[in-house]
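Report on the following structure.
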Amino acid sequence: MSYIENKVIIITGASSGIGEATAIYLAKHGASVVLAARNEDKLKDLSERIKNEGGTALYKVTDVTVNEEVQSLVDFTLDKFGRIDTLINSAGYMLFSMWDNAHVEEWEKMINLNIKGVLYGIAAVLPHMKKQGSGQIINVGSIAGHAIGAGHGVYSSTKYAVRAITESLRKEVSVKHNIQAVLVSPGVIATKWQDAVTDEDVKPVLEELNKIAIDVQHVAETIGFVVNKPADVMINDVIVTPTAQEW
């Protein structure tokens, strides 16, 4: 039995990487997906690809660092489908840098997107899921939220925050309101995330990590595994990494 089929699922960061792969996977398995990101061209293209393959997809241009835009995304979804079964908070930045180089603007970008974007999504869907008496909130964390290394201190800090947010959410709403709160933490994946890194001092580290990177499809399938659970069964935390990754 499929618990993915006929679910209404919002996916942030859907224009690329984990969000894009997850949207395609879930739509193939019968979910209606609402795609959210800032790049309209990419959202439109993905939506058309899903529809051409027989899936159901809508999109809404959304900057998840703006609370009002996230609320508008939720209102849009409710207007089109009448409910929200799952929110996947996938939008995020991974900008490695060394402390000595003080990339303060990049730190702020990660804090705003990786933490505030998750919080705004939760705040927007929670009232509706409580009213429904069910729902799933899946936060995409990182192995960097479990282990810290040189070059990713601030990024790790944001993902530790997502881990804490998810655990707190689980304690408050899962037991009382039947809302699943799940953390999915990927390791090194091949999404060209390193292209956004500007700190030259960490480039050698990235080159080594990319040698063991796994395809993003494996993360999408892991998220699909989490989504495909009945309301009375919750997968708490999932870590999916390359076999060769040491941390």
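Values in this text are rule-based calculations from the coordinates and carry no lab data. Since this is a predicted model, take the numbers as computed values, not measurements. So basically every Cβ, Gly included, is an ideal-geometry build from the backbone, and we count neighbours across all protein chains shown.
Only alpha carbons enter this Debye calculation for region 64-207, each as an equal point scatterer, and the log10 of I(q)/I(0) it gives at q = 0.08, 0.09, 0.21 Å⁻¹ is -0.25, -0.31, -1.23.
Net length available on complete extension from Gln132 to Asn210 is 23.8 nm, with 0.36 nm assigned per residue and the Cα-Cα distance removed.
Pairs of Lys residues in region 159-247 are counted when their Cα atoms are under 24 angstrom apart and they lie 8 or more places apart or on different chains; the count is 9.
For the chain, the fraction of C-alpha pairs more than 21 angstrom apart is 55%.
If you take all C-alpha pairs in region 141-247, what percent of them are over 17 Å apart? I get 59 percent for the Cα pairs in region 141-247 exceeding 17 Å. Placing a pseudo-label 7 Å from each Cα along the Cα-to-Cβ vector at Glu40 and Arg83 gives an inter-label distance of 3.2 nm. Taken along the Cα-to-beta-carbon direction at a fixed 7 Å, the label points for Asp237 and Met98 span 3.1 nm.
What is the sum of charges, Lys and Arg at +1 and Asp and Glu at -1, for the other residues whose Cβ falls under 12 Å from the Cβ of Asp237?
The answer is +1.
Secondary structure note: in the chain, about 0% of the DSSP beta bridges are antiparallel.
Here, P(r) means the percent of Cα pairs in each 10 Å bin from 0 to the largest distance; for region 1-76 it is 22, 54, 22, 2.
Relative to the compact-globule scaling 2.2 N^0.38 Å, provide the ratio for the alpha-carbon radius of gyration of region 172-231.
Values: Rg = 16.6 Å, N = 60, 2.2 N^0.38 = 10.4 Å.
With N residues counted in region 172-231, Rg over 2.2 N^0.38 Å equals 1.59.
Taking only the Cα atoms of region 33-72, the ratio Rg/Rh comes out at 1.04, with Rh defined as the Kirkwood radius.
Would you mind checking Lys60/Lys80; Lys109/Lys130; Lys42/Lys80; Lys28/Lys51 for any pair whose Cα atoms are more than 19 angstrom apart?
Lys109/Lys130; Lys42/Lys80
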